[in-house]
Amino acid sequence: MVDLVSQYQKIKTEVDQAILEVISQATFIGGERVKSFKNNLEKYLNVKQVIPCANGTDALQIAFMALGLKPGDEVIVPAFTYVATAEVIALLHLKPILVDVNMDDFNIDVNEIIEAIGPKTKAIVPVHLFGQCANMEEIMKVANQHNLYLVEDNAQAIGSDYYFKNGKTQKAGTISDIGCTSFFPSKNLGCYGDGGAMFTNDEELGKKITMIANHGQSVQYYHDVVGVNSRLDTIQASVLDIKLKHLDEYAVSRRSAADYYDNAFKDHQHIITPFRNKHSSHVFHQYTLRITNGQRDALKEFLSLNQIPCAIYYPLPLYKQKAFAPFCEEVNYLPVTDQLCKEVISLPIHTELSPESQNIIIDKVLSFFK
Ligand SMILES: *Cc1c(COP(=O)(O)O)cnc(C)c1O
């Protein structure tokens with residue numbers, strides 16, 4: 001689905017040197033390189049604070065710990081997302097309220113949020129799925145009206161621009177109280193292991209998050225709150241600091257690959273190409289088609305037999321997962337999520353994809369329908 005080896009070849013000299021330097025100085029945890037990446041990402045995102053951590057799931061968990069929610073408080077999340085979003089909520093004894101998404105951009109449906117708000121609702125988590133933003137302006141209106149926290153799950157949309165109606169632009173993940181991201185290798189900004197970060201413009205929240213990620217201490221061995229141990233290690237920070245310089249150019253490559261696919265599949269009677277919403281730029285973490293003739297699983301099998309990588313994100317809605325059943329007793333039907341889980345299929349998309357490779361993929365997909 002991604003070609004991280006070819007991507008590495010282009011930055012090999014710089015990356016090798018940076019990693020060797022960390023090893024030769026034995027500065028594996030913390031230090032200048034982590035600070036440098038933190039500062040450079042703050043500048044890139046135009047956000048007051050970036051707090052690096054060990055992975056994207058930790059970022060979400062720490063964000064909810066920092067908001068000080070109480071057991072039983074409800075948090076509204078889209079049902080069509082990666083499990084991590086809802087998992088950390090359940091883990092903290094909060095109640096995930098899974099709601100349906102839009103058929104066009106696959107992001108959380110604002111009307112469904114409004115319907116789900118009750119006396120125990122404390123927060124909403126928009127997930128910027130597959131690389132484009134949820135409708136933050138509308139979601140913020142709802143959050144303000146009901147005095148709810150907003151946490152963006154930005155694991156799939158780092159670098160995407162959000163366009164406000166008044167012409168203002170802001171980077172995805174920096175719009176709400178706390179933004180969370182993942183630097184998992186295959187994400188748009190990926191390291192060579194695990195990594196993650198939280199973003200905030202709120203100084204107090206920033207302090208809390210920093211403390212929680214570091215065993216609840218701001219002075220060593222004096223613990224003010226119960227925290228966790230979640231750090232971005234120095235080797236990962238070094239790699240990310242180098243790759244951050246290429247992030248915009250990586251997005252351009254992904255977008256042009258998406259355009260190329262779009263052109264090949266447009267007007268096909270059984271294929272719906274990815275919708276681009278007006279309020280954000282799409283950084284194409286995934287290129288996801290909808291197959292509308294009920295043959296999605298057969299197509300997947302056909303492509304796999306023909307050595308074409310493809311993937312289903314996501315095959316089973318969260319509310320139908322065994323682990324989440326206890327939280328979803330009242331939910332039994334989310335029509336859009338259900339339909340998407342049966343129709344979506346993602347094709348390879350990455351920074352090194354050539355039109356020649358795309359032609360092979362496209363030919364195979366089209367030949368399935370002949
Ligand atoms: C990848 C991902 C995460 C979790 O990130 P990890 O670094 O793997 O823990 C959370 N939410 C979404 C939407 C993701 O895609």
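Of note:
- Boolean, LEU129 is under 29 Å from ILE212 (Cβ atoms), within 14 Å of the ligand (Cβ to nearest atom) and in the same structural domain as ALA172 (by TED's automatic domain parsing): yes
- Where a residue in the range 273-285 is on the phi > 0 side of the Ramachandran plot and at pLDDT 95 or above and its partner, wherever it lies, is within 16 Å of the ligand (Cβ to nearest atom) and not in a loop (DSSP other than H, G, I, E, B), with Cβ under 7 Å and at least six apart: PHE284/GLY131; PHE284/ARG254
- Filter result (out of contact with any strand residue (DSSP E or B) (no Cβ under 8 Å at 6 or more places or on another chain) and loosely packed, with under 14 Cβ neighbours inside 10 Å) within the range 276-294: ASN293, GLY294
- Scanning the range 175-194 for residues that are in a loop (DSSP other than H, G, I, E, B) and touching an Asp or Glu at 6+ places or on another chain (Cβ under 8 Å) yields a count of 6.
- When ASP161, ASP153, ASP241 are checked against the criterion of being away from the ligand (no atom under 16 Å from the Cβ), at pLDDT 95 or above, closer than 24 Å to ILE349 by Cα and in contact with a strand residue (DSSP E or B) (Cβ under 8 Å, 6 or more places away or on another chain), ASP161 stands alone in meeting it.
- Where ASP262 falls short, out of the listed (1) in a helix (DSSP H, G or I); (2) assigned by TED's automatic domain parsing to the domain that holds MET136; (3) of a type in the set (Asp, Glu): (2)
- Test for LEU20: is it within 16 Å of the ligand (Cβ to nearest atom) and either buried (at least 19 other Cβ atoms within 10 Å of the Cβ) or at pLDDT 95 or above (or both): no
- Pairs are defined by a Cβ separation below 8 Å, a sequence spacing of at least 6 or placement on different chains, a first member in the range 39-52 that is of a type in the set (Lys, Arg), and a second member that is part of a helix (DSSP H, G or I); the pairs so defined are LYS48/GLU42; LYS48/GLU203; LYS48/GLY206.
- Scanning the range 192-228 for residues that are surrounded by fewer than 24 Cβ atoms within 10 Å (Cβ to Cβ) and within 16 Å of the ligand (Cβ to nearest atom), we see that the one that is nearest to VAL83 (Cα to Cα) is ASP194.
The values are calculated or read from the model by the stated rules, or taken from the named source; none is laboratory data. This structure is a prediction, so every number in the text was calculated from the model and none was measured. As a convention, Cβ positions derive from the backbone with ideal geometry for all residues, glycine included, and neighbour counts pool all protein chains shown.
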